[in-house]
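Trainee: There's a structure below that I have some questions on.
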């Protein structure tokens, strides 16, 4: 089955609407899922659909939430996501945040009481396409153990960065603070093989390569030992303490069977380099990227995604027939 | 030899003054060296003295620089360090930056044409002691290779983070983007042993554990593979492209024999959590830290430094007699 991004997004949105989301909110979240599928970011594409639906059905997230945006300081926007999806909250603040960054030089968006179940690059990339440098951080339910601890406290706490360059699409990276994604450990358990050393600890805080022991009360380890731990800690401080969101260890999703998201917070920083002293930053970033390529970096983060995106725009998005049939069923429609 | 922090700082300052620094600039940089020695951060303490003196003697850095602070946007301060030390530039902007962060909620300090030869925690810790969250990034001459490259482009690009907490000193971390410091590889070469796998590449871009091959035209690798590489790239973009500082690969220190510093840039971000929607962030951070300790994190970043600092304040700083004698000689003084 070949489908355009627009048609796929509209179909996913109709599925979300049938499970308790307003058309406005459904369109935003569906757009992010469709974009991930378009870019070949399968782990955050249609693979997440069941998780979204189960979470909506559980009553844990409010699909009809109407976020409230305030501006408590000249450079700080606050968004109460009202227990809705983080992408809806971000959309509500986006234009005001861009205007703030252009006026002040910087803008922070502090989102709390939000659910983030998608990749993080879709949050930062659009800002870089409009000339801004953007950093995003999201905290989540406890999954990783840091700084010599035995039990998990922080989430996998992803961080993303995007910057504009004059001669191509933005450079964008998006990475979890855990060495490996929870999904990879789940996959190893299903497939019956061990994970690498350094991926996780068991419930006693002892290193293990057994995915079942990591998943059954154990924890993941951060990337880069204490240095990745530092990043994870920073994300928790900015995404939760700064925004007023819940810490990962305050998550109570288990009370809502089927819920797969964390009710937490998100911090975004926007920087307008044209208001700084550096002159034409996008042109200088182009020089930096050219130097990296010349030094042998054949594949920069996002290169593959851009390549797949260009193909999808040209040829459409290929999805398995069974997936399409399921999606139509969720949307309450006959297959086209 | 036991000496107080104040007396040590004053002695180092007199040594700097005899090598071309103004009393004002000498006092600032000497204070940072003495503080590192006080906190037991030996690699950035008196061990760096020869490097400072050799760099001053080479004419590469201007010890008499008078930084120029401007404010190109309401939330952005720019500092032209005028080829002087970064700490002098930061000191010139500090109070204005704090006032900006308190008024706007955020403040960025963009320093360019600066030399940073110290640890980064002394730059962020004082802001957190005054209730702000602070992030600092410094770029430096090419030393690491990222994203599958063969040759170094970025510096070891350190990043530091500090946040206030209600029940103790700030939580502060400070980490290079390389897996290991250049100094550790130098030490391994002197001591004649190999370094671990993953530390570096030789001049052809091939992994090696031979410190000589890493140092002789080779490169260091980032911490955490592509994820640490992402951090190093972000540091280069913000510390150089955003500030107008030189990229690491634009460094021309080899033209000045003896020069050990990089002429580059620095980016600092200050956040006033009391202006955000999160309420009392220092109290929430205290809760987070308590939870980490309860989960088994016995030693948080900075714990050891705080402990040593308390002892040094009580008992003074112990330095070897030979070091003291050398310092007196550099300062042109008789030993006390």
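Bear in mind that the values in this text are calculations on the coordinates, not laboratory data. Keep in mind the model is a prediction, meaning the values are calculated, not measured. Cβ: placed from backbone, ideal geometry, glycine included. Neighbour counts: every protein chain shown.
Trainee: Where does the Debye-calculated log10 I(q)/I(0) of chain B sit at q = 0.13 Å⁻¹, using only Cα point scatterers of equal weight, no solvent?
Mentor: For chain B at q = 0.13 Å⁻¹, log10 I(q)/I(0) is -1.07.
Trainee: If you count, for every residue in A:150-162, the Cβ atoms of partner chains within 10 Å of its Cβ, what is the mean?
Mentor: So the per-residue partner count for this stretch is 3.
Trainee: Computed FRET efficiency, Cβ-Cβ of residue A:83 and residue B:181, R0 41 Å: what is it to the nearest 0.05?
Mentor: In this case the efficiency is close to 0.35.
Trainee: A follow-up question, please. For every helix of n ≥ 4 consecutive DSSP H residues, a contribution of -39,500 (n - 2.57) applies; sum these over the protein assembly as shown, divide by its total residues, and give [θ] at 222 nm rounded to the nearest 500 deg cm²/dmol.
Mentor: One gets -12000 deg cm²/dmol as the mean residue ellipticity at 222 nm.
Trainee: Residues of A:244-253, mean number of Cβ from any other protein chain within 10 Å of their own Cβ, rounded to a whole number?
Mentor: For this peptide, the per-residue mean of nearby foreign Cβ atoms is 3.
Trainee: Ranked by Cβ crowding within 10 angstrom, fewest neighbours first, how are A:161, A:233 ordered?
Mentor: Exposure proxy ranking, most exposed first: A:161, A:233.
Trainee: Connecting C-alpha atoms closer than 10 Å in a GNM of chain A, tell me which of A:224, A:63, A:20 has the biggest fluctuation.
Mentor: A:224
Trainee: Under a crude label model (7 Å from the Cα following the beta-carbon direction), how far is residue A:191 from residue B:323 in nanometres?
Mentor: For the pair residue A:191/residue B:323, the computed spacing is 5.2 nm.
Trainee: Once the label point is placed 7 Å from Cα along Cβ, list for residue B:43 the distances to the corresponding points in the other copies, in nm, shortest first.
Mentor: Between copies, matching label points for residue B:43 lie 3.0 nm apart.
Trainee: Relative to 2.2 N^0.38 Å, what does the C-alpha radius of gyration of the protein assembly as shown come to as a ratio? Two decimals please.
Mentor: Here the answer is 0.97, to two decimals.
Trainee: Give the Rg/Rh ratio for the range B:252-336, taking Rg as the radius of gyration of the Cα atoms and Rh as the Kirkwood radius, to two decimals.
Mentor: Rg divided by Rh gives 1.16.
Trainee: Right, another one. 7 Å along Cα→Cβ for the label point: how many nanometres lie between residue B:6 and each equivalent label in the other copies, listed shortest first?
Mentor: Result, one decimal in nm: 7.4.
Trainee: Still on this model: Could you sort the peptides B:106-117, B:132-143 by per-residue average Cβ neighbour count (10 Å cutoff), highest mean leading?
Mentor: The packing order, highest mean first, is B:106-117, B:132-143.
Trainee: Please compute the modelled spin-label separation between residue B:333 and residue A:252, points set 7 Å along Cα→Cβ, answer in nm with one decimal.
Mentor: Going from the residue A:252 label point to the residue B:333 one covers 6.2 nm.
Trainee: Take each of the peptides B:40-49, A:189-198, B:171-180, A:244-253, average the number of other beta-carbon atoms within 10 Å over its residues, and list them starting from the highest.
Mentor: In decreasing order of mean packing, B:40-49, A:189-198, B:171-180, A:244-253 become B:171-180, A:244-253, B:40-49, A:189-198.
Trainee: Under 10 Å, Cα contacts only: if you run a Gaussian network model on chain B, which one of B:236, B:37, B:314 comes out with the highest mean-square fluctuation?
Mentor: Fluctuation is largest for B:314.
Trainee: So what is the relative contact order of the range B:4-102, in percent, for Cα pairs below 8 Å that sit 6 or more residues apart?
Mentor: 22 percent
Trainee: Can you tell me how the range B:1-81 classifies by the Cα gyration tensor, rounded, prolate or oblate, using a/c under 1.5 as the rounded cut?
Mentor: Because a/c hits 1.5 or more and a/b exceeds b/c, the range B:1-81 counts as prolate.
Trainee: Compare A:312, A:128, A:34 in a GNM of chain A, Cα atoms joined below 10 Å, and give the one with the largest fluctuation.
Mentor: A:312
Trainee: How many Cβ atoms of partner chains, on average, are near each residue of A:170-177 if near means within 10 Å of its Cβ?
Mentor: That works out to 3 on average.
Trainee: Since chains B and A are linked by a rotation, which residue in B has the beta carbon closest to its axis, and how far is it in Å?
Mentor: Chain B residue with minimal Cβ-axis distance: B:224, 1.
Trainee: Restricting to Cα pairs below 8 Å that are 6+ residues apart, what does the relative contact order work out to for chain B? Please round to a whole percent.
Mentor: It comes to 22 percent, rounded to a whole number.
Trainee: Okay, next question. From the Cα gyration tensor of the range A:69-153, with a ≥ b ≥ c the square roots of its eigenvalues, which class applies: rounded if a/c is under 1.5, or else prolate if a/b is larger than b/c, or else oblate?
Mentor: prolate
Trainee: Defining a contact as two alpha carbons under 8 Å apart and six or more residues distant in sequence, what relative contact order in percent does the range A:165-229 show?
Mentor: RCO, the range A:165-229: 31 percent.
Trainee: Hey, for residue A:187 with labels 7 Å out along Cα-Cβ, what do the inter-copy distances come to in nm, ordered shortest first?
Mentor: Nearest first, the other copies' label points are 3.9 nm away.
Trainee: Right, here's the next one. Cα extents of the range B:116-250 along the three principal axes, largest first, in whole Å?
Mentor: Principal axes ranked by extent give 49, 34, 24 Å for the Cα atoms.
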